[in-house]
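The values are calculated or read from the model by the stated rules, or taken from the named source; none is laboratory data. None of these values were measured; they are calculated from a predicted model. With ideal geometry, Cβ positions are generated from the backbone for all residues, glycine too; neighbour counts draw on all protein chains shown.
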Amino acid sequence: MPTQRKIFTVQNLTQKLKDTKALFLADYRGLSVSQMADLRAQVKKAGGELEVVKNRLLGRAAKEAKVTIADEVLTGPTAALWAWEDELEPLKALNDFAQKTGLPKIKFGIFEGKAITLERIKELACLPTIKELKARLVRTLQSPASGLTNALSWNVRKLVYVLKTKGGES
């Protein structure tokens, strides 16, 4: 007989599965409590949420939300990374942390409503963020303007340089 707490947890996870932009599951085995707290803070700063979930309850919630998660994925300690605002920022935070510490190991992902491979997850983690892309765009748009300014002012600067040189000879 399921307890009221477990029923509430399944309902909560079901709603999260319906509302999230992306979900990534990771095996957090080997992380210390302080590392887990640090990772949670980084993910939260990136606009996501990291929580430890019970595999059986997440499996039930996935069935209720009509999301396919393979049974072999739902083994061992599982941390769910929910991406709320931006699909990639929280994943990049998790990936950066994993590169520094070697943990956690990403084992599954749902992106744009579909299950994706680990290779695809790694590709997504390496993509530039929206902020980075905007900065690149601004830099690209500014570079022709500054080049044009330099080109147009070159003759005037050259004239001033010549006049200074000639003025010093007198």
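List, please: which pairs have Cβ atoms under 8 Å, are six or more places apart or on different chains, and start with a residue in region 1-30 that is assigned by TED's automatic domain parsing to the domain that holds LEU81 and end with one that is of a type in the set (D, E, K, R) and assigned to a loop (DSSP other than H, G, I, E, B)?
Matching pairs, first to second residue: THR9/LYS54; LYS21/GLU85; LYS21/ASP86; LYS21/GLU87; ALA22/GLU87; ALA22/GLU112.
Those residues that are of a type in the set (Val, Ile, Thr) and free of Cβ contacts under 8 Å to residues at least 40 places away in the same chain, I need them from region 75-108; list them, please.
Our first condition is that a residue be of a type in the set (Val, Ile, Thr); within region 75-108, this holds for 75, 78, 101, 106.
Selection gives THR75 alone.
Pick from region 96-145 the residues that are among the polar types (S, T, N, Q) and part of a helix (DSSP H, G or I): which of them is farthest from ALA41 (Cα to Cα)? Outline the logic, then answer.
In the first step, residues of region 96-145 are kept if they are among the polar types (S, T, N, Q); the result is 99, 101, 117, 129, 140, 142-143.
Of the ones still in play, those that are also part of a helix (DSSP H, G or I) are 99, 101, 140, 142-143.
On the way: GLN99: 17, THR101: 15, THR140: 33, GLN142: 35, SER143: 37 Å.
Result: SER143.
Which of the following residues is within 23 Å of THR9 (Cα to Cα), assigned by TED's automatic domain parsing to the domain that holds SER32 and modelled with pLDDT of 95 or more: GLU64, GLU72?
Details: GLU72 fails: modelled with pLDDT of 95 or more.
Residue meeting the stated conditions: GLU64.
Could you tell me whether LEU50 is in contact with a strand residue (DSSP E or B) (Cβ under 9 Å, 6 or more places away or on another chain), among the hydrophobic types (A, V, I, L, M, F, W, C), modelled with pLDDT of 95 or more and in the same structural domain as ARG120 (by TED's automatic domain parsing)? Spell out how you get there, then give the answer.
On the way: in contact with a strand residue (DSSP E or B) (Cβ under 9 Å, 6 or more places away or on another chain): yes; among the hydrophobic types (A, V, I, L, M, F, W, C): yes; modelled with pLDDT of 95 or more: yes; in the same structural domain as ARG120 (by TED's automatic domain parsing): yes.
Yes; evaluated as a whole, the condition is true for this residue.
Taking only pairs six or more apart or across chains, which ones have beta-carbon atoms under 6 Å, a first residue in region 56-74 that is within 12 Å of LYS16 (Cβ to Cβ), and a second residue that is surrounded by fewer than 18 Cβ atoms within 10 Å (Cβ to Cβ) and of a type outside the set (Asp, Glu)?
Matching pairs, first to second residue: ALA65/LYS18.
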